[in-house]
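Let me begin by presenting the structure, written as structure tokens, before commenting on it.
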Amino acid sequence: MRVQVEAHADGVGTTPRSLYWDERRVGIVDMIDQWYGPDYRYVKIEGDDGGVYILRFDEIRNEWAMIMFASARGQALAMQAA
């Protein structure tokens, strides 16, 4: 699913600062992890809504896509079940 991402360029590349999903803004609190492929970069982030997101940045097309989302409530339920 394509998402709009506000980002800024830094020494490493493009760092996301917030994303827009279904017309709501989610601020990025923490970049948990990132990894690279030939023409893309994945970032795992924590949003200010408590959710965890994995975003993929297609460097050739200059497009962001949301690959995975886990809500704060879903994460809490998973921890209780474990």
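Among the residues that make up the range 9-19, is at least one of them in contact with a Pro (Cβ under 8 Å, 6 or more places away or on another chain) and either modelled with pLDDT under 90 or surrounded by 13 or more Cβ atoms within 10 Å (Cβ to Cβ) (or both)?
No, the conditions are met nowhere in the range 9-19.
Of the residues that sit in the range 68-82 and are assigned to a helix (DSSP H, G or I) and of a type in the set (S, T, N, Q), which one is modelled with the lowest pLDDT?
Taking the range 68-82 first, the residues assigned to a helix (DSSP H, G or I) are 72-81.
Within this subset, residues satisfying the condition of being of a type in the set (S, T, N, Q) are 75, 80.
Values: Gln75: 63, Gln80: 67.
For the range 68-82, the residue satisfying everything is Gln75.
The values are calculated or read from the model by the stated rules, or taken from the named source; none is laboratory data. Bear in mind the structure is a predicted one, so any value in this text is a computation, not a measurement. Positions of Cβ are backbone-derived with ideal geometry, glycine not excepted, and every protein chain shown enters the neighbour counts.
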